[in-house]
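Enquirer: One structure, pasted below without further comment.
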Amino acid sequence: MIQPLVTLADDQLLEINSRTLDAYEERSEQFWIGTRQHDVGQNIEALLRNIRSDPPFEILDFGCGPGRDLLKFSELGHHPTGIDGCAAFVKMAKSYSNCDVFEQHFLRLELPNNFFDGIFANASIFHVPTQELTRVLQQLYCCLKPGGVLFCSNPRGSDIERFIDNRYGVFMRWKTWRSYPLNVGFSELEHYYRPQKLPRNQQPWLASLWRRPN
């Protein structure tokens, strides 16, 4: 069993969830303006390239935010579904992408089994405390079809988890993060650092891809 970076009581988990979601609710318009033009094409391409089934793909956008990437997946001909715990983002994403979007926070997921070809967790799963991370990854594993692919992009750090600007985040080294999906049963596909073509100390994002074995 992997030891969490921080051990939390139930009331602390509730506080983490509510404070983080409240921070996004309060800044939802500001967040949308600040991220709407972000280019994550490298990440989208990496997910789609690793999926083995025949398109169009069923894609879960895990933490879809205001819907930027939902629209892109839809424009590429796939069938994306979004989930987010922030009610303002759910409303924005439905309107912007015209996709199905469900309000679910990450510590209380209700996902179908064996349904998705791919999961796109772009700048989202790092909000899950390490104490709950194995359980959440197990749920994502189960909602993928056998052979399905999980994409994650998380901010790197020296194995710390804490509040930053009222949002809880986990910032791990590659070796530490890698142990979690492997422990659940995922097989490792690839990983890389972002933004592209910059020195490593200017690449704060760690992207990785994982397959649920057949």
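The values are calculated or read from the model by the stated rules, or taken from the named source; none is laboratory data. Note that the structure is a prediction, hence the values are computed from the model and not measured. Here the Cβ is made from the backbone with ideal geometry for all residues, glycine too, and neighbour counts use every protein chain on show.
Enquirer: Does residue 119 qualify as being more than 21 Å from residue 179 (Cβ to Cβ) and under 13 Å from the mean Cα position of the chain (by Cα)? Before you say what the answer is, go through the steps one by one.
Expert: Details: more than 21 Å from residue 179 (Cβ to Cβ): no; under 13 Å from the mean Cα position of the chain (by Cα): yes.
Considered against the rule, which asks whether it is more than 21 Å from residue 179 (Cβ to Cβ) and under 13 Å from the mean Cα position of the chain (by Cα), residue 119 comes out as no.
Enquirer: Can you pull out every residue in segment 48-82 that is among the charged types (D, E, K, R) and surrounded by 12 or more Cβ atoms within 10 Å (Cβ to Cβ)?
Expert: The initial filter retains those residues of segment 48-82 that are among the charged types (D, E, K, R), namely 49, 52, 54, 58, 61, 68-69, 72, 75.
Correct list: 58, 61, 68, 69, 72.
Enquirer: Kindly provide the set of residues from segment 29-64 that are basic (Lys, Arg), without any contact (Cβ under 8 Å) to a residue 60 or more places away in the chain and in a loop (DSSP other than H, G, I, E, B), ordered by number. Break it down stepwise before answering.
Expert: We begin by selecting, within segment 29-64, every residue basic (Lys, Arg); these are 36, 49, 52.
Restricting the remaining residues to those that are without any contact (Cβ under 8 Å) to a residue 60 or more places away in the chain gives 36, 49.
Result: 36, single match.
Enquirer: Determine, yes or no, whether residue 21 is assigned to a helix (DSSP H, G or I), farther than 17 Å from residue 86 by Cβ and in contact (Cβ under 8 Å) with a residue 60 or more places away in the chain. If you could, list the steps in order and put the result at the bottom.
Expert: On the way: assigned to a helix (DSSP H, G or I): yes; farther than 17 Å from residue 86 by Cβ: no; in contact (Cβ under 8 Å) with a residue 60 or more places away in the chain: yes.
Considered against the rule, which asks whether it is assigned to a helix (DSSP H, G or I), farther than 17 Å from residue 86 by Cβ and in contact (Cβ under 8 Å) with a residue 60 or more places away in the chain, residue 21 comes out as no.
Enquirer: Scan segment 92-123 for residues that are of a type in the set (S, T, N, Q), surrounded by fewer than 23 Cβ atoms within 10 Å (Cβ to Cβ) and closer than 13 Å to residue 70 by Cβ and jot them down.
Expert: Step one: list which residues in segment 92-123 are of a type in the set (S, T, N, Q), which gives 95, 97-98, 104, 113-114, 122.
Subset that is surrounded by fewer than 23 Cβ atoms within 10 Å (Cβ to Cβ): 95, 98, 104, 113-114.
95, 98 - these are the residues of segment 92-123 that are of a type in the set (S, T, N, Q), surrounded by fewer than 23 Cβ atoms within 10 Å (Cβ to Cβ) and closer than 13 Å to residue 70 by Cβ.
Enquirer: Applying the selection to segment 26-47, what residues are farther than 28 Å from residue 209 by Cβ and surrounded by 14 or more Cβ atoms within 10 Å (Cβ to Cβ)?
Expert: Start the filter on segment 26-47 by keeping residues that are farther than 28 Å from residue 209 by Cβ, which leaves 26-30, 33.
Answer for segment 26-47, where residues must be farther than 28 Å from residue 209 by Cβ and surrounded by 14 or more Cβ atoms within 10 Å (Cβ to Cβ): 27, 28.
Enquirer: Within segment 137-175, which residues are part of a helix (DSSP H, G or I) and touching a residue at least 60 places away in the same chain (Cβ under 8 Å)?
Expert: Of the residues in segment 137-175, the ones part of a helix (DSSP H, G or I) are 137-143, 174-175.
Within segment 137-175, 140, 141, 143 qualify.
Enquirer: Counting only residues that are surrounded by 15 or more Cβ atoms within 10 Å (Cβ to Cβ) and within 18 Å of residue 42 (Cα to Cα), how many does segment 163-203 have?
Expert: 6
Enquirer: Right, here's the next one. Determine if segment 189-198 includes at least one residue that is outside any strand (DSSP E or B), among the basic types (Lys, Arg) and at pLDDT 95 or above. Give the steps one after another, and end with the answer.
Expert: So the first thing to find is which residues in segment 189-198 are outside any strand (DSSP E or B), and the list is 195-198.
When the remaining residues are screened for being among the basic types (Lys, Arg), the result is 197.
Then drop every residue that is not at pLDDT 95 or above, which leaves none.
So far as segment 189-198 goes, no, none of its residues is outside any strand (DSSP E or B), among the basic types (Lys, Arg) and at pLDDT 95 or above.
Enquirer: Right, another one. Can you find a residue that is out of contact with any Asp or Glu (no Cβ under 7 Å at 6 or more places or on another chain) and among the small types (Gly, Ala, Ser) anywhere in segment 49-57?
Expert: First, the residues of segment 49-57 that are out of contact with any Asp or Glu (no Cβ under 7 Å at 6 or more places or on another chain): 49-50, 52, 54-56.
Next, only the ones that are among the small types (Gly, Ala, Ser) stay: none.
For segment 49-57, residues out of contact with any Asp or Glu (no Cβ under 7 Å at 6 or more places or on another chain) and among the small types (Gly, Ala, Ser): absent.
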